[in-house]
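The values are calculated or read from the model by the stated rules, or taken from the named source; none is laboratory data. Only a predicted model underlies this, so the values are computations on that prediction, with no experimental measurement involved. In this analysis, Cβ positions are derived from the backbone assuming ideal geometry, glycine residues included, and neighbour counts consider all displayed protein chains. Note: accessible area is taken over every heavy atom of the protein model, side chains too, but ligands, DNA and RNA are not part of it. Shrake-Rupley method; radii C 1.70, N 1.55, O 1.52, S 1.80 Å.
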Amino acid sequence: MGIAITPSILNADLADLAGELARIPSADAVHLDIMDNHFVPNMTFGLPVVESLRQHTELPMDIHLMITEADRWAPAYAEIGCESVTFHVEASQAPIRLARELRSLGAKASMALKPATSIEPYADLLSEIDMILIMTVEPGFGGQRFLDVCLPKIRRTRELAKAAGLEIAIQVDGGVSAETIERAALAGADTFVAGSAVFRADDPDAVVRKLRAMVTPTI
Ligand code: DX5
Ligand code: ZN
């Protein structure tokens with residue numbers, strides 16, 4: 001499983017999304033945070049904005065749905081060609097059906113867990129998904145501190161996947177920076193969302209390359 005750096009534009013200039021994406025050519029994908037002011041106490045953008053943005057970038061799109069009506073909206077993002085669609089397990093009424101639907105539409109299916117949600121009840125679902133997103137902050141806002149309390153869950157998820165013979169990606173999201181990325185990688189994460197660490201820098205692409213170099217095995 002390869003390393004991927006997927007910057008979040010939540011803390012970028014939202015009035016110039018196309019311009020901001022042009023500043024991260026080395027990214028493996030762009031992470032788009034969709035919030036509905038119900039699942040989380042914040043609201044961002046939705047399908048029409050993502051659809052427009054597709055015309056302005058070659059970067060694969062990694063959708064993170066922080067919305068209560070995940071089952072209703074997630075497939076539409078796969079239908080417009082987003083490469084990966086993440087729904088929260090706390091929001092989905094039928095996660096197996098939804099994951100299968102996303103895969104059948106050609107997207108990678110991904111399931112997210114909030115910091116206080118355990119992986120164990122969902123262990124048998126790992127074969128249904130391509131990626132699991134482990135939140136390392138309470139979802140809703142960028143710029144929060146990385147929660148080390150989530151590291152054991154990353155480790156246990158990697159062990160569960162290994163035991164099942166599955167090569168699923170483990171994505172971490174929240175507070176990922178040059179200070180925290182190594183311990184997330186050591187715990188078993190291979191896909192890293194970084195928002196403020198990338199877009200608050202003068203040279204966002206240099207940060208993307210630096211973060212990747214920090215977690216790329218040298219042998
Ligand atoms: C938070 C979002 C994150 C956020 C990360 O709910 O899911 O993707 O943008 O931002 P940082 O890297 O600043 O924590
Ligand atoms: Zn996110």
(request) On a C-alpha basis, how far is the centre of region 1-76 from the centre of region 92-113 in Å? Whole number, if you could? (result) 17 Å
(request) Give me the accessible area per residue for region 4-215, probe 1.4 Å, as a whole number in Å². (result) 43 Å²
(request) Note down the magnitude of the dipole of the chain about its Cα centre, charges +1 on Lys and Arg C-beta and -1 on Asp and Glu C-beta and zero elsewhere, to the nearest 20 debye. (result) 520 debye
(request) Along Cα→Cβ, 7 Å out, is where each label goes; now give me the distance between the ones at residue 148 and residue 103 in nm to one decimal. (result) 3.7 nm
(request) Would you mind computing the Rg to Rh ratio of region 86-208 from its alpha-carbon coordinates, Kirkwood style for Rh? (result) 0.98
(message) If you wrap a convex hull around the alpha carbons of region 1-141, what volume per residue comes out, as a whole number of Å³?
(response) 111 Å³
(request) Provide the FRET efficiency to the nearest 0.05 for the residue 96-residue 202 pair, computing r from the beta carbons and using R0 = 41 Å. (result) 0.35
(message) Can you tell me the length gained on complete extension of the stretch residue 163 to residue 117, counting 0.36 nm per residue apart and subtracting the Cα distance?
(response) 14.5 nm
